[in-house]
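Engineer: Right, I'll just put the structure down here and ask away after.
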Amino acid sequence: MTPADKRAAKDPHRSRFLPYLASSRGVRAGKWVSGSEAVAAIADHSRIFVSAASGTPMGVLEALAENRDRWSDLELVMAFMVQRPSVFEYPGKPFRYTTTQASPAFKYLWDTGTVSILPARYSDLSGLFLDSGAYPVDVALVQVSAPGPEGRVSLGTSAGGSIDIARNAPLVIAQVNERVPYTYGASEFEISEFDYLVSIPRDVKLVPPTELSSDKVLQSIARSAAENIADGSTLQFGIGQIPDAILSHLGTHKNLSVHSGMFSMACAELLEKGAISNTSKGFDDGYMIAAEVSNTEPMAKWINRNPQVLMAPARYSHGAAVLGKIPRFVSLQSGIEVALDGSVNSETVKGRIISGPGGAPDFAFAANASMNGRSILALKSVAGKGSISRIVKHIEAPDRVTLPYYTADIIVTEHGLAEVRGLSFADRARALRDIAHPDHRAGLE
């Protein structure tokens, strides 16, 4: 155990995660340098992991782009990107890109031949990029908060997929940004756990808060889904109008817990209403667990140094060994289309890539394995102003199956609820046709 880990073992915010963390390389240089000095340590032909979402170190990536003539080939590995970094302006000169979760930020790169998609669930980030993994990286670029009074920094609102890689990569460069909120848990690092630190203040990309929709169709879906969540459940949910609408209908529930890949302001509001218990000694000892935080302005303020929320590594937030032990685990998800056998596509629209599997497979399998767990998939029955049914006969290539049919449990549209777990293929097809839009049911016979 490294000196930093020995100190973490005495800290109640961090000690619970030590058994789930990748091995650490121990004490590093912890040297403060300029951006150009930091990237000069990167060797040609390196594979570089870049922290994603609100954790993207935009300033270090600018230094990488400005000094691009140093290298003939660099591979940048990243997950969901919420904005286009400057390195995207130089495809093949010298940058290549690999992503585990495509996003609109890659829009102008698809035709350049420089982007590869690496199929991976969120839980794979715990091991895939480590020195012992199937796709090891040479360098990790992360963004952290300013040092706190403890002398530590934090990965802030985008932590789960970066924690293990920051501990294990041969070279780790941290952009220190005073505008990053300080979050507790496995996201906390000591200065000596980084090779180079670069102080670059930057506005952190904020996403607009999801306003609670007054859409009657969406509210009907949300009410139906909420009715199937029992008191005492542990919730997992994503971001967007449907998850937030479901959470808005849980205000009178009791003793709910949160163990999720994502944490949003809707969840914070549930805590304030008393629906979420922060005194219960359940699986997570009353803490709310997350890997990522929806980085809206209200949430960034609420989460900063909030001891009620702990950021966890992917092996803990999404890992099967942990999730399977949580009783009454409820996964709240949505999708693009559902086939009559219960399989779900959450990644592509007519072959156009809009996302990746993310944590959806992790949580769907976990809900099936949990004692009294439920997997709830909620979606509107149609798209394209009613012209496209989102319940389909089959998921047709080149679209992809994100969730296989055997994970299907509860599926909700505005036309009702189909509880398909335990039904034969014929019976689940009938149940799903019954909750399709009436205009499209004949085509599903």
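The values are calculated or read from the model by the stated rules, or taken from the named source; none is laboratory data. Every value quoted in this text rests on a predicted model; they were computed, and no experiment measured them. Here the Cβ is made from the backbone with ideal geometry for all residues, glycine too, and neighbour counts use every protein chain on show.
Engineer: Is it the case that A339 is within 30 Å of H437 (Cβ to Cβ) and among the aliphatic types (A, V, I, L, M)?
Structural biologist: Against the criterion (within 30 Å of H437 (Cβ to Cβ) and among the aliphatic types (A, V, I, L, M)), A339 qualifies.
Engineer: Given the residues L235, L250, which is the only one that is in contact (Cβ under 8 Å) with a residue 60 or more places away in the chain, among the hydrophobic types (A, V, I, L, M, F, W, C) and either surrounded by 22 or more Cβ atoms within 10 Å (Cβ to Cβ) or not assigned by TED's automatic domain parsing to the domain that holds A378 (or both)?
Structural biologist: Criteria check complete, one pass: L235.
Engineer: Please determine whether any residue of segment 278-294 is in the same structural domain as A320 (by TED's automatic domain parsing), crowded, with 24+ Cβ neighbours inside 10 Å and at pLDDT below 90.
Structural biologist: Within segment 278-294 (the criterion being in the same structural domain as A320 (by TED's automatic domain parsing), crowded, with 24+ Cβ neighbours inside 10 Å and at pLDDT below 90), the answer is yes, since at least one residue qualifies.
Engineer: Do you know which residues across segment 118-136 are more than 17 Å from L21 (Cα to Cα) and crowded, with 16+ Cβ neighbours inside 10 Å?
Structural biologist: Matches in segment 118-136: L118, A120, R121, Y135.
Engineer: Which of the residues belonging to segment 263-276 are crowded, with 17+ Cβ neighbours inside 10 Å and free of Cβ contacts under 8 Å to residues at least 40 places away in the same chain?
Structural biologist: C267, A268, E269, L270, L271, A275, I276, listed by residue number.
Engineer: Oh, and also: Among the residues of segment 349-361, is any within 25 Å of S220 (Cα to Cα) and crowded, with 24+ Cβ neighbours inside 10 Å?
Structural biologist: Yes, some residue in segment 349-361 is within 25 Å of S220 (Cα to Cα) and crowded, with 24+ Cβ neighbours inside 10 Å.
Engineer: Would you check if S145 is over 29 Å from G324 (Cα atoms), of a type in the set (S, T, N, Q) and over 20 Å from the mean Cα position of the chain (by Cα)?
Structural biologist: Considered against the rule, which asks whether it is over 29 Å from G324 (Cα atoms), of a type in the set (S, T, N, Q) and over 20 Å from the mean Cα position of the chain (by Cα), S145 comes out as no.
Engineer: Just the residues that are assigned to a helix (DSSP H, G or I) and of a type in the set (G, A, S), please, taken from segment 1-42.
Structural biologist: Across segment 1-42, the qualifying residues are A4, A8, S15, G35, S36, A38.
Engineer: Please give the number of the condition V412 fails out of (1) under 29 Å from the mean Cα position of the chain (by Cα); (2) more than 21 Å from G238 (Cβ to Cβ); (3) of a type outside the set (D, E, K, R).
Structural biologist: Among (1) under 29 Å from the mean Cα position of the chain (by Cα); (2) more than 21 Å from G238 (Cβ to Cβ); (3) of a type outside the set (D, E, K, R), V412 violates only (2).
Engineer: I need the full set of residues from segment 373-424 which are closer than 19 Å to P357 by Cβ and in contact with a Phe, Trp or Tyr (Cβ under 7 Å, 6 or more places away or on another chain), in order please.
Structural biologist: T407
Engineer: If you check A38 against the conditions, is it over 30 Å from S355 (Cα atoms), at pLDDT 90 or above and hydrophobic (A, V, I, L, M, F, W, C)?
Structural biologist: Yes, satisfied.
Engineer: Next up: Conditions: (1) charged (D, E, K, R); (2) at pLDDT below 95; (3) in contact with a Ser or Thr (Cβ under 9 Å, 6 or more places away or on another chain). E297 meets all but one. Number of the miss?
Structural biologist: The one condition E297 does not meet is (3).
Engineer: Quick one: which residue in A41, A63, A52 is surrounded by fewer than 18 Cβ atoms within 10 Å (Cβ to Cβ), closer than 26 Å to P201 by Cα and either touching a Phe, Trp or Tyr at 6+ places or on another chain (Cβ under 7 Å) or in the same structural domain as Y122 (by TED's automatic domain parsing) (or both)?
Structural biologist: Within the list A41, A63, A52, the selection yields A41.
Engineer: Of all residues in segment 411-424, which are crowded, with 20+ Cβ neighbours inside 10 Å and either in a strand (DSSP E or B) or at positive phi (or both)?
Structural biologist: Of everything in segment 411-424, those that are crowded, with 20+ Cβ neighbours inside 10 Å and either in a strand (DSSP E or B) or at positive phi (or both) turn out to be I411, V412, T413, A418.
Engineer: In this structure, does S54 turn out to be among the polar types (S, T, N, Q) and in contact with an Asp or Glu (Cβ under 7 Å, 6 or more places away or on another chain)?
Structural biologist: Judged against the criteria, S54 is not a match.
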